[in-house]
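**Student:** I am attaching a structure below and will ask some questions about it afterwards.
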Amino acid sequence: MMINISPAIEIAGTVAFAVSGSYSAMLKRLDVFGVLIMGFVTAIGGGTIRDVMIGDTPVAWMRDYRLLLIILGTVIATILFKKYIKTLKTTLFLFDALGLGLFTIIGTQKGIAAGLNPGVCVALGTITGCFGGVIRDILLNDIPLIFRKEIYATACIVGGTLYVLLVDHMDPQLVKIIAVVMVCAIRIVAVRYKLSLPKFYA
């Protein structure tokens with residue numbers, strides 16, 4: 001019998017996005033407070049929007065102070081080891097891809113638990129995975145990644161759909177792993193081979 005990996009998924013996703021957000025802030029030369037805020041926003045932004053949409057309030061990070069401590073610790077570690085992290089661009093990308101996959105499944109699961117239809121569950125998973133990064137990019141005065149040519153939200157949609165289709169037919173813990181790997185794989189392959197959605201010009 002497989003153990004429940006949901007808590008591990010949430011912690012890993014939180015750490016991954018906190019690293020991504022805080023390092024992005026350092027690249028923009030924000031002060032310590034700015035770096036801290038970007039780490040928090042990236043890690044909890046998508047989940048906050050999701051919880052408000054489904055009426056699950058107070059939102060998760062307000063109910064569980066441990067998430068805040070995890071984010072705080074991650075941001076501090078990112079600041080302390082920034083010179084080392086700077087040399088690991090591939091690692092940073094993998095953190096972002098991992099966070100995307102992990103949070104997508106968390107959001108999709110919450111939709112299912114709320115009794116929503118499969119399409120809405122996939123949408124909630126996509127919001128959870130993407131919108132922390134959207135808020136981060138807007139605050140950093142960048143065009144959000146999901147609105148650019150790179151395949152990002154599409155990976156969430158595929159992973160969330162896969163989860164919804166398989167969860168009633170296979171071990172749920174195994175399905176979580178498969179769906180997370182699928183999101184990460186699509187994201188990595190898309191960047192590696194420069195795959196993108198069509199662009200339109202006015």
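The values are calculated or read from the model by the stated rules, or taken from the named source; none is laboratory data. Keep in mind it's a predicted model, so treat the numbers as computed, not measured. Cβ atoms come from the backbone with ideal geometry, glycine included; neighbour counts cover every protein chain shown. Heads up: the accessible areas ignore ligands, DNA and RNA and are worked out on the full protein's heavy atoms, side chains in. Shrake-Rupley method; radii C 1.70, N 1.55, O 1.52, S 1.80 Å.
**Student:** If you scan region 54-91, which residues turn out to be among the polar types (S, T, N, Q) and touching a residue at least 60 places away in the same chain (Cβ under 8 Å)? Let's see the steps before the verdict.
**Tutor:** Step one: list which residues in region 54-91 are among the polar types (S, T, N, Q), which gives 57, 74, 78, 87, 90-91.
Within region 54-91, Thr74, Thr78 qualify.
**Student:** Is it true that some residue in region 76-94 is out of contact with any Gly (no Cβ under 7 Å at 6 or more places or on another chain), assigned to a loop (DSSP other than H, G, I, E, B) and among the aromatic types (Phe, Trp, Tyr)?
**Tutor:** Scanning region 76-94 turns up at least one residue that is out of contact with any Gly (no Cβ under 7 Å at 6 or more places or on another chain), assigned to a loop (DSSP other than H, G, I, E, B) and among the aromatic types (Phe, Trp, Tyr).
**Student:** For region 146-171, enumerate the residues that are buried (at least 18 other Cβ atoms within 10 Å of the Cβ) and free of Cβ contacts under 8 Å to residues at least 24 places away in the same chain.
**Tutor:** Ile146, Leu162
**Student:** Could you please tell me which pairs satisfy a Cβ distance under 8 Å, a separation of 6+ or placement on different chains, a first residue in region 24-53 that is touching a residue at least 24 places away in the same chain (Cβ under 8 Å) and within 12 Å of Ile135 (Cβ to Cβ), and a second residue that is basic (Lys, Arg) and assigned to a helix (DSSP H, G or I)?
**Tutor:** Hits for this filter: Ser24/Arg136; Met38/Arg136; Val41/Arg136; Thr42/Arg136; Gly45/Arg136.
**Student:** Give region 95-116 a look and list any residue that's outside any helix (DSSP H, G or I) and of a type outside the set (A, V, I, L, M, F, W, C), or say none. Please lay out each step first, then the result.
**Tutor:** Quick first cut of region 95-116, residues outside any helix (DSSP H, G or I) only: 114-116.
Within region 95-116, Gly115 is the sole residue that qualifies.
**Student:** Continuing with this model, one more query. Which of the residues belonging to region 67-97 are open to solvent by 80 Å² or more (accessible area, probe 1.4 Å), charged (D, E, K, R) and under 18 Å from the mean Cα position of the chain (by Cα)?
**Tutor:** Lys89
**Student:** Among Gly73, Gly119, Gly125, which is part of a helix (DSSP H, G or I) and in contact with a helix residue (DSSP H, G or I) (Cβ under 6 Å, 6 or more places away or on another chain)? Full working, then the answer.
**Tutor:** Details: Gly73 fails: in contact with a helix residue (DSSP H, G or I) (Cβ under 6 Å, 6 or more places away or on another chain); Gly119 fails: in contact with a helix residue (DSSP H, G or I) (Cβ under 6 Å, 6 or more places away or on another chain).
When all the criteria are applied, what remains is Gly125.
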